[in-house]
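Have a look at the structure below before the remarks.
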Amino acid sequence: MPEGHSVHRIARQFGRHFVGERISASSPQGRFADGASLIDGRTMTDAKAVGKQMFLEFDDAVWLRVHLGIYGAWDFNGAVASATARPAANDPSDSASESIAAEPGMPAGRMGQTGMRGASVDDDAAAPTTVVGANEESLASIGAPRRTRLRMAEQESESAFDDAALEGFPPEPIGAVRVRLLSDRAVADLRGPTACEVLDVAGVQQVIDKLGPDPLIDDAEAGEERMLERIRRRRVPIGLLLMDQSVVSGIGNVYRAEILFRARLDPHALGASLPEDVIRGLWRDWRYLLGVGVDTGQMLTMDGLDEEARRLALRNRADRHWVYKREGLPCRVCGTHIVMELAAARKLYYCPSCQV
């Protein structure tokens with residue numbers, strides 16, 4: 001499931017390429033025809049994320065709420081002439097494909113869906129070498145090389161789309177598109193969301209009121225106090241509380257495992273038993289990691305990497321995490337084998353030696 005940084009980046013794409021534009025809305029799949037008719041012809045006025053939820057505002061205070069869930073994804077395409085990619089700095093990474101120049105009608109690919117295989121390149125020379133996230137302020141940022149499609153979540157992946165079907169703008173919808181949002185210069189197709197509904201202001205606020213604090217939305221100090229209060233009153237393992245979106249917004253399986261390791265905290269420790277300074281540290285680390293994720297498009301949770309290690313980490317998930325999906329492998333700190341167990345039907349990764 002996409003975690004908080006992915007949803008914030010998707011909202012940012014809408015903010016830069018759709019807000020202020022008159023939108024034609026449709027439901028090629030047919031399952032959201034009534035909802036699409038309510039926003040068709042309106043101007044998008046805002047785009048924001050709160051944790052894993054995204055809210056798109058249209059004039060007359062009409063909102064589209066989307067929760068991608070496990071299978072949801074947005075596919076972007078822009079009708080732009082060729083543009084020049086920025087020169088390399090120090091972060092060669094296939095994730096930088098979002099900042100490569102676009103060609104007319106070339107799709108930016110998928111943002112949100114997880115669990116895909118990483119995009120491949122023939123050799124290092126063929127890999128994009130641009131600053132991650134560069135040029136996002138321009139429409140060219142939603143273009144990508146033909147051979148790869150960006151899926152902003154745990155990793156990038158190759159697209160199953162047929163390039164021939166995507167020539168021209170706008171391209172024909174491919175697959176089961178729940179919602180298509182089309183402006184004069186960009187199109188976004190939504191597939192497989194867990195939630196997709198049109199709400200008024202009161203309905204949006206009702207959803208947000210049920211969510212825990214989001215470091216990119218809430219005041220830093222107020223958010224910290226809310227998270228502290230919600231954790232300390234519950235005798236529930238912290239490994240479950242961090243995944244509870246009513247406690248804190250945006251943390252999923254990857255960030256949960258990595259934040260707990262970075263704190264050297266036992267995931268089974270009860271929230272009510274944790275010292276105040278430990279909980280405050282979790283919030284502050286989440287603020288930091290979320291910022292890194294939004295800036296780079298990657299859940300990069302290892303600090304202090306040299307240039308080569310950072311290059312590898314940005315290219316390969318296996319080189320960017322402390323414990324996530326490393327079960328049976330030696331801990332990077334102590335050498336003890338990383339453990340994986342099921343917690344509330346989700347995989348939990350930790351070091352039984354460091355996290356005590």
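Straight-line reach from Lys325: which lysines have a Cα under 17 Å away, not including same-chain ones fewer than 8 places off?
Lys347
Quote the FRET efficiency, to the nearest 0.05, computed for Ala202 versus Leu329 with a Förster distance R0 of 56 Å and r equal to the Cβ-Cβ distance.
About 0.70, to the nearest 0.05.
Would you pull out the residues with amide H under 5 Å of Ile23's amide H, same chain only if 5 or more places away, H placed 1.01 Å from N?
Here Gly41, Arg42, Thr43, Met44 satisfy the definition.
Peptides 199-210, 324-335: what's the order by average Cβ count within 10 Å, highest mean first?
Put in order of decreasing packing, that is 324-335, 199-210.
Could you state the number of Å between the C-alpha centres of region 1-74 and region 173-208?
4
Net charge around Gly35, counting only other residues with Cβ within less than 11 Å of its Cβ (Lys, Arg = +1; Asp, Glu = -1)?
Local net charge: 0.
Per residue of region 201-209, what does 6.51 cos²θ - 1.76 cosθ + 1.60 with θ = phi - 60° give for ³J(HN,Hα)? Whole Hz please, x for Gly and Pro, Karplus curve as stated.
Along region 201-209, the couplings run 4, 5, x, 4, 4, 4, 5, 5, 4 Hz.
Values in this text are rule-based calculations from the coordinates and carry no lab data. Not measured: the values here are computed from a predicted model. With ideal geometry, Cβ positions are generated from the backbone for all residues, glycine too; neighbour counts draw on all protein chains shown.
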